[in-house]
Amino acid sequence: MTADEAFERLKQSLERGRLAHAYTLVGDPREAGRQVAERLLQLLHCRSAARPCGVCPACRQVAEHAHPDLVWIEPQSKARQIVIEQIREEVLPPLARTPLLGGWKTCVLAAADRMNEAAANAFLKTLEEPSGQTLFLLLTDKPQFLLPTIASRCQELVVGAGAPEPPEPWRQRLLELLAEDIELDGGGPARRPDFGAALARAAGLIRLLRELRAATEEELEAEEREAAAARENAGEAEEEEKTWAARLEALYRERRTAVLRALLRWQRDVLLLVCGAGAERLHYPEWGAALRRQAAGSSYAQAVRNVRVVETMQRRLERNLPEAAVVQGGFGEMAA
């Protein structure tokens, strides 16, 4: 959805008294996500009759991230991470006190996926037990790297132009593959699949990824043929083979990450259902029946572990470990 649509949805939730205490705004944390966060914070802190006015002292303070009841955190270390010292020193003390202006206490983590493990665990304690009128906004374009226990406690809104998932041809195949994880035993709750079934599903995902790579290569080859013809007409040199290979690898990795993100969102939906969340919190509500059956066969520990397994798979792929081995190992862990 657009930034305007996201803001209007949050505004309506506030007016109905149904604003959640924490949201993950998935989009560019420097653009769409930031815009939605600042407008919502101005709505909460503005003292004018028509809120948000954008010009009163409170609105200007929000725009400058200087409001006394607002904590705005961004990565600041040399490694571009949000570190535990920032959480302990800049987040916890102001959120533990009474609001200075008697209204909302608000906290924004820009590029929230950059929290290191220690910072994330420290932040989780505050997120689990907010005091009074407290609102947390997590801005990220990489929600798959959020700690799953943090992600499960936040409502997710995808904002910004082009942010909604495109109708990629692989997506339906992947979701059908994941729905096959559910095996009914005499019409009762789903039972966990055995290791052989997990390897079969892993094989299906490996085939999907190989076909995705082949399709990406064909797409780039077609583009290169057109570009080569244009260069020949202009008398320009041909593109080096290593440059083309680098383009192929970069584009394929981007698309493979999208596949893993979809897999992570499926497992996150299962976790949300295990935690008792409603259908409105699901990323794939149209698959609600399959997700509910799978959640019925999972404990909280299993659901959290499966989310973490997918995150680990993504990290291993980013380290250039063998793709087939990573996928097989991941599905094997989820079935153990």
Given (1) open to solvent by 50 Å² or more (accessible area, probe 1.4 Å); (2) at pLDDT 80 or above, index of the condition THR216 fails: (1)
Where GLU31 falls short, out of the listed (1) out of contact with any Cys (no Cβ under 8 Å at 6 or more places or on another chain); (2) without any contact (Cβ under 8 Å) to a residue 40 or more places away in the chain: (2)
Residue selected from segment 71-97 under the condition over 13 Å from LEU109 (Cα atoms) and among the acidic types (Asp, Glu), by the criterion most open to solvent (accessible area, probe 1.4 Å): GLU89
Long-range neighbours under 6 Å by Cβ, at least six apart or interchain, first residue open to solvent by 10 Å² or more (accessible area, probe 1.4 Å) within segment 100-128, second of a type in the set (Lys, Arg) and part of a loop (DSSP other than H, G, I, E, B): ASP113/LYS142
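Can you tell me which of PRO189, PRO193 is of a type outside the set (Gly, Ala, Ser), at pLDDT below 80 and touching a Gly at 6+ places or on another chain (Cβ under 6 Å)? Step through it out loud before you land on a result.
On the way: PRO193 fails: touching a Gly at 6+ places or on another chain (Cβ under 6 Å).
PRO189 is the lone residue from the list that is of a type outside the set (Gly, Ala, Ser), at pLDDT below 80 and touching a Gly at 6+ places or on another chain (Cβ under 6 Å).
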Residue count for segment 34-70, restricted to those that are touching a Cys at 6+ places or on another chain (Cβ under 6 Å), more than 14 Å from TRP104 (Cα to Cα) and buried (at least 20 other Cβ atoms within 10 Å of the Cβ): 1
Counted residues, segment 257-306 - those being of a type in the set (Asp, Glu) and farther than 14 Å from LEU178 by Cα: 1
Criterion violated by GLN42 - all others in (1) polar (S, T, N, Q); (2) touching a Gly at 6+ places or on another chain (Cβ under 8 Å); (3) in contact (Cβ under 8 Å) with a residue 40 or more places away in the chain satisfied: (3)
Sole residue being under 20 Å from the mean Cα position of the chain (by Cα), hydrophobic (A, V, I, L, M, F, W, C) and modelled with pLDDT of 90 or more, chosen from LEU321, LEU264: LEU264
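The values are calculated or read from the model by the stated rules, or taken from the named source; none is laboratory data. A quick note: this is a predicted structure, and the numbers were derived from the prediction, not measured. Cβ coordinates were reconstructed from backbone atoms using ideal geometry, including for glycine residues, and neighbour counts include every protein chain displayed. SASA here: full protein model, heavy atoms, side chains in, ligands and nucleic acids out. Shrake-Rupley method; radii C 1.70, N 1.55, O 1.52, S 1.80 Å.
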